[in-house]
Each structure stands twice: as C-alpha cells, then as structure tokens.
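Trainee: I have a structure I would like to understand better, so I am pasting it below and will then ask my questions one at a time.
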Amino acid sequence: MSDFQAIADRVEIEALRGEFTDAVMMRDYDRIASLFTPDGVWRMPNIPVELAGQEPIRAWGRRVPDVVDFLVQNTHPGVIRLDGDTAFGRAYMSEVGRGRDGRGGLNYAIYHDRYQRTGDGWKFAERVYEVRYEDASPLAGSPPRAAEGS
C-alpha cells in the first residue's frame, strides 16, 4: 500500500467517525445504520444495548426520541491502525443529555472500533461504547427556548 493510500484511508475513516457523530446529533438513524456493514454490530454495554445489523440499528433509533429529550455528543480523534481492508481504532467521546424522565447525564467514553473497507467506502464492522466516567447529577442548564413568534 502506498503512503498516499494510507493517508486516504485515514481521512476516510475519520470522515466516517464524523458522519456518525453528525447523524447521532441529527437523530438520523437511517444514516447511522448505513455507516455499518450489513452485519455490523453496535454495542453499548452500559445501557445495555447490542444491535447486530442495519435494521436493528434503525429500529432502535426510532425509539430513542421517546426516551431522550436531548443529547449533545462530541467526538475527539483517536488512533487508527490500518491492516489492509480492515482497520481498528478508538474515538474519545464526551456527551451531555437528558432523558424524557428528567434524568441528566454527563459522560466521557471511548468507542472501540473495527472498520471494514467496502465497495461503498469504509464502514463500521463493530462499535463498542465504553463509558469511563458518568455523572447522573441533575443538569443545571437546558436546551434554549424557541424565540417568541417562531
């Protein structure tokens, strides 16, 4: 593999991770599902949720607005290790959100990723969400209110 190919692969994988965060923030679970291989797995042991395949990811996402009032997720770049048509990596997360039940949440976590090159570019073969710190204290703030007359 040329150095140019390795650079291109890293840029594409970083774009995949950015696309994932944007789709989460926009609650676009059809798009999130499309970022996984057809048999890709998304594991969130702390919730606990394990989703295998694109349709279970889509279906789970349709239920999220019923239980999550808002979520703000920030992704921080981590390591990417290339191995031909597969790669491994980590992305570091900070999140703040509130459930419809009023519970607040702040956490710092790591996504442990396995990526697969496909005909449509790099996809997640597996994403495992490992929470390293969690604070369930009530949040002092809130989403902004709509402007008068909006």
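Trainee: With all protein chains present and a 1.4 Å probe, how do 4, 70, 88 order by accessible area, largest first?
Mentor: 4, 88, 70
Trainee: Then there's this: Using the Cα centre of the stretch 62-139 as the reference point, and only Cβ charges (+1 on K/R, -1 on D/E), how large is the resulting charge dipole? Debye, rounded to the nearest 20.
Mentor: Magnitude of the dipole: close to 100 debye.
Trainee: How high is the relative contact order of the stretch 56-121, in percent, counting Cα pairs under 8 Å that sit 6 or more residues apart?
Mentor: Computed over the stretch 56-121, the figure is 30 percent.
Trainee: If the only charges are +1 at each Lys and Arg Cβ and -1 at each Asp and Glu Cβ, what is the size of the charge dipole of the chain around the Cα centre, to the nearest 20 debye?
Mentor: Dipole about the Cα centre, nearest 20: 300 debye.
Trainee: Follow-up. For helix 3-25, report the angle its Cα long axis makes with the longest principal axis of the Cα atoms of the chain; keep it between 0 and 90° and round to the nearest 10°.
Mentor: Orientation of helix 3-25: about 20 degrees from the principal axis.
Trainee: Ranked from the most accessible area to the least, with a 1.4 Å probe and all protein chains present, what is the order of 142, 34?
Mentor: From most accessible down to least: 142, 34.
Trainee: Is the shape of the stretch 39-119 rounded, prolate or oblate, going by the alpha carbon gyration tensor and its root eigenvalues a ≥ b ≥ c, with a/c under 1.5 for rounded and a/b larger than b/c for prolate?
Mentor: Judged from the Cα gyration tensor, the stretch 39-119 comes out oblate (a/c at least 1.5, b/c at or above a/b).
Trainee: By how many degrees, between 0 and 90 and to the nearest 10, does the Cα long axis of helix 54-67 differ from the longest principal axis of the chain?
Mentor: With both axes taken from Cα atoms, the answer is about 20 degrees.
Trainee: Rounded if a/c is under 1.5, else prolate if a/b beats b/c, else oblate: with a ≥ b ≥ c from the C-alpha gyration tensor eigenvalues square-rooted, which is the stretch 28-72?
Mentor: Verdict is oblate for the stretch 28-72.
Trainee: Relative contact order of the chain: what whole-number percent is it, with Cα pairs under 8 angstrom and at least 6 residues apart?
Mentor: Once normalised by length, the contact order is 22 percent.
Trainee: Here is a follow-up. Of the DSSP beta bridges with both residues in the chain, give the percent that are antiparallel, rounding to the nearest 5.
Mentor: Among the beta bridges of the chain, antiparallel pairing accounts for roughly 90 percent.
Trainee: Right, another one. What does the accessible area per residue of the chain come to in Å², with a 1.4 Å probe and no ligands, DNA or RNA counted?
Mentor: Value for the chain: 58 Å² per residue.
The values are calculated or read from the model by the stated rules, or taken from the named source; none is laboratory data. Worth saying up front: this structure is predicted, and the values here are computed from it rather than measured. Note: ideal-geometry Cβ built from the backbone for every residue, glycine included; neighbour counts use all protein chains shown. What goes into the accessible areas is simple: the full protein's heavy atoms, side chains included, and nothing from ligands, DNA or RNA. Shrake-Rupley method; radii C 1.70, N 1.55, O 1.52, S 1.80 Å.
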